[in-house]
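> Take a look at this one; I'll ask things after.
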Amino acid sequence: MSCDIDYRYRRALQPDGLTTFENALRALNEAVDDVRLAGRQAATCPAVLLLTRHLQRIADGRPTECEADDQALRSQCIERLAELKHRPAIIALVKRGIDYRPEELRHYRREGTRALRQIAAGIGLEHADY
């Protein structure tokens, strides 16, 4: 069962906070871990490829540049985000079960919090009310 989540796609689309080599490398490693957890190939994941290009730009001393050939990967990330929007990851995570690995606990917390926020918004609660 796939438990793909949107975090790595969002991070790849907005790498503004990844300004140092160490941060960008950590983000890339976390994205690769997420891809494995989702049962997909890291070599074909557009988020992993975008983060790899960002890491290369940091190594080259031009971290803020966005190149034209990144647009195809960015479009693929946006398409994947649209697909994932209709399939909440928390459902797949709960069905699959938990083995208490740190990265899985991180996914549960993030997706559980997101689901609870959506429920609260759906019943009309303001953020200050919960």
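No lab work stands behind these numbers, since they all come straight from the coordinates. Computed from a predicted structure; not experimentally measured. Note that each Cβ is placed from the backbone with ideal geometry, even for glycine, and that neighbours are counted across all protein chains shown.
> Going by a ≥ b ≥ c, the root eigenvalues of the Cα gyration tensor, does the range 20-71 fall in the rounded group (a/c under 1.5), the prolate group (a/b larger than b/c) or the oblate group?
oblate
> Related question: Placing unit charges on C-beta atoms (Lys and Arg positive, Asp and Glu negative, everything else neutral), compute the dipole magnitude of the chain about its Cα centre in debye, rounded to 20.
340 debye
> Add -39500 (n - 2.57) for each DSSP H run of 4 or more in the chain, then divide by its residues: what number comes out at 222 nm, to the nearest 500 deg cm²/dmol?
After summing the helix terms and dividing by the residues of the chain, the value is -21000 deg cm²/dmol.
> Select from the range 38-75 those trypsin sites (Lys or Arg not before Pro) which occupy a DSSP coil region and have at most 15 other Cβ atoms within 10 Å, ordered by residue number.
40
> When the Cα centres of the range 30-75 and the range 100-130 are compared, how far apart do they sit, in Å?
First find each Cα centre; the distance between them is then 27 Å.
> If you compute Rg and Dmax of the Cα atoms in Å for the structure shown, which of [x] 20.1, 66; [y] 16.0, 49; [z] 13.8, 44 do you land on?
The value computed from this structure is option [y].
> Starting from 0.36 nm per residue, how many nanometres of slack lie between residue 96 and residue 121 once their C-alpha separation is accounted for?
6.3 nm
> Which GluC sites (Glu not before Pro) in the range 57-129 sit in a loop by DSSP (not H, G, I, E or B) and have at most 16 other Cβ atoms within 10 Å of their own Cβ?
65, 67, 126
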